[in-house]
Amino acid sequence: MDPILTTLSVLVFILIAFGFFENYFHQKALSKIPIRVHVNGTRGKSSVTRLIAAGLRGGKLKTYAKTTGTTPRIINEKGKDVEIHRLRSASIGEQVKLIRYFSNKKPDALVIECMAVNPQYQWVSEQKIVKSTLGVITNVRPDHLDEMGTTNEEIAYSLSNTIPFDSKILTAEYQNFKPLKKIADKRSSVIEQSDISDIDENYLNNFPFIEHPENIALALKVCLSVGINKRDALNGMLKTIPDPGSLFIWDIKNKKNKCKFISGFAANDPSSTKMVWNLVNSRFNNKSCIFLNTRNDRRYRTVQLMELVLKDIKPDLFIVRADNIKSMLNNYNINNDKIIVFKMDSSPEEVVNKLISLNDYYILGIGNIVDWGEKFIKKLKEHM
């Protein structure tokens with residue numbers, strides 16, 4: 001027999017055997033986690049993952065969670081964050097290793113955020129890796145248009161790849177509900193919507209950060225579905241450690257000047273940003289300021305957010321870090337004293353110095369938080 005053919009045959013056999021044993025041990029790991037909640041959606045995945053896990057802990061379930069938000073993290077059974085340090089780029093194979101890790105902790109429940117964007121990878125994440133006992137789709141918003149589709153209906157079908165078979169799926173989505181229900185019915189899964197009226201407005205004030213009532217209502221629906229009573233779930237959620245990209249409110253001051261800064265960088269698409277703005281604007285009566293931090297490689301997103309701010313939001317003051325936006329600004333009738341432009345090579349300190357020179361504003365930060373944005377936040381915290 002040809003030695004090359006023999007070698008190839010042996011290698012193929014080894015690969016098949018390896019795949020068989022990998023699948024065997026993965027299925028065994030899944031069997032040790034009775035409740036598996038897989039959270040997908042366009043916005044709010046990390047926040048909802050954390051809220052669900054905290055609510056389940058409030059019901060005395062030993063619960064672990066994993067998020068892939070601003071920075072990937074494991075949330076242990078005590079609700080504490082453990083940052084994941086990756087040696088290479090993100091891959092859904094990470095979930096396989098983590099499920100094995102979690103199974104060894106003998107949990108009652110695992111809440112895991114979907115880290116896939118590509119529709120095929122989303123399908124693999126659910127149907128081959130997580131195999132959730134309860135699925136969650138937070139919402140359907142325009143994002144990752146190059147991979148998930150250009151219409152809300154296409155994006156809904158993309159997200160529906162994580163709808164489980166013969167199970168239950170919960171969602172806070174109403175406007176684009178039909179595509180989700182269509183796929184759920186095909187997979188013999190029950191789909192239900194959360195109800196924002198389940199959350200008392202006074203309860204929201206108990207959070208030390210701004211949380212969307214839609215996220216809390218969805219997390220509550222999940223907790224109720226696995227048998228946790230409402231009081232225990234809501235009390236547990238108040239102990240949630242927020243994602244680094246959550247809507248924190250900071251008091252910043254410099255001598256006699258005082259302002260409130262709200263970090264809304266996690267909402268980096270127009271639809272979610274508008275929701276954040278509405279939420280923040282309803283809470284404060286001060287003068288309004290938007291700080292937009294852009295990226296040169298996301299020009300289309302800069303155009304979208306600039307249009308939202310100048311055409312729709314219309315704050316009292318608009319501060320933007322961007323290059324080559326003069327032509328965009330000329331399209332809008334805006335007074336020069338209402339806009340301040342920093343070039344992309346501006347330092348975080350320059351922008352922070354401008355912000356702390358303001359008085360009696362609430363400042364909403366939007367756009368990109370990675371790299372420069374993280375340095376900006378670090379510098380801003382020096383004036384809290």
- [ ] In a Gaussian network model over the chain where Cα atoms closer than 10 Å are linked, find which of SER91, SER263, SER189 has the largest mean-square fluctuation.
- [x] SER91
Open item on the list: Using the Kirkwood radius over C-alpha pairs as Rh, can you work out the diffusion coefficient of the range 47-147 via Stokes-Einstein at 4 °C, viscosity 1.567 mPa s, in µm² per second?
Closed with: 90
- [ ] Taking all pairs of distinct Cα atoms, average 1/r, flip it, and tell me the Kirkwood hydrodynamic radius of the range 288-371 in Å to one decimal place.
- [x] 13.1
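Could you give the dipole magnitude of the range 5-133 about its Cα centre, charging the beta-carbon of Lys and Arg +1 and that of Asp and Glu -1, in debye to the nearest 20?
Using Cβ point charges on Lys, Arg, Asp and Glu, the range 5-133 gives about 440 debye.
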Task: For LEU134, residues with placed amide H under 5 Å, excluding near neighbours - done: ARG36, HIS38
Open item on the list: At R0 = 30 Å, how high is the FRET efficiency between TYR203 and ASN286 if r is their beta carbon distance? Nearest 0.05 is fine.
Closed with: 0.80
TODO: Could you please rank LEU218, LEU279, LEU11, LEU364, placing first whichever residue has the fewest other Cβ atoms within 10 Å of its Cβ?
DONE: LEU11, LEU279, LEU364, LEU218
Task: Relative contact order %, the chain, counting alpha carbon pairs below 8 Å whose residues are six or more apart - done: 16
Task: Lys/Arg +1, Asp/Glu -1 at C-beta; the range 153-297 dipole; positive extreme among ASN215, SER167, LEU247 - done: LEU247
Open item on the list: Can you show me the helix-derived [θ] at 222 nm for the chain, built from DSSP H runs with n ≥ 4 at -39,500 (n - 2.57) apiece and divided by the number of residues, rounded to the nearest 500.
Closed with: -11500 deg cm²/dmol
Open item on the list: For the range 166-295, what are Rg and Dmax over the alpha carbons, in angstrom?
Closed with: 17.8, 62
Task: Label of the coordinate-derived value, volume of the Cα convex hull per residue in Å³, listed as (i) 141; (ii) 128; (iii) 173 - done: (iii)
- [ ] List every residue whose amide H lies under 5 Å from the amide H of LYS287, counting only residues 5 or more places away in sequence or on a different chain, with H placed 1.01 Å from N in the peptide plane.
- [x] TYR362
Task: the range 26-237, Rg to Rh (Cα coordinates; Rh as Kirkwood inverse mean 1/r) - done: 0.94
TODO: Could you work out the relative contact order of the range 249-383, using alpha carbon pairs under 8 angstrom and six or more residues apart, expressed as a whole percent?
DONE: 41
Open item on the list: As an exercise, use a Förster radius of 51 Å and the Cβ-Cβ distance of ASN331 and SER188 to find the FRET efficiency, rounded to the nearest 0.05.
Closed with: 0.50
TODO: Take each uninterrupted DSSP H stretch in the chain, measure its Cα extent along the helix axis, and return the ones at 24 Å or beyond whose mean Kyte-Doolittle hydropathy is at least -0.5.
DONE: 3-31
Task: Per-bin percent of Cα-Cα distances, the range 175-239 [10 Å] - done: 19, 44, 26, 11, 0
Task: FRET efficiency, LYS28 to TYR101 (Cβ-Cβ, R0 22 Å, nearest 0.05) - done: 0.95
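Ratio of Rg to Rh for the range 237-384, alpha carbon only, Kirkwood? Present the calculation step by step, with values, prior to reporting the outcome.
Numbers: Rg = 14.5 Å, Rh = 15.5 Å.
Here the Rg-to-Rh quotient is 0.93.
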Task: Packing rank of 148-155, 289-296, 336-343, 51-58, where each peptide gets the mean count of other beta carbons within 10 Å, highest leading - done: 51-58, 289-296, 148-155, 336-343
Open item on the list: Strictly over 25 Å apart at the Cα level, which of LYS260/LYS375; LYS78/LYS181; LYS253/LYS375; LYS287/LYS379; LYS66/LYS221 would you flag in this model?
Closed with: LYS78/LYS181
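Only the coordinates and a few stated rules stand behind these numbers; no lab work does. Remember, it's a predicted structure, so these values are computed and weren't measured experimentally. Using ideal geometry, Cβ is built from the backbone for each residue, glycine included, and neighbour counts are taken over all protein chains shown.
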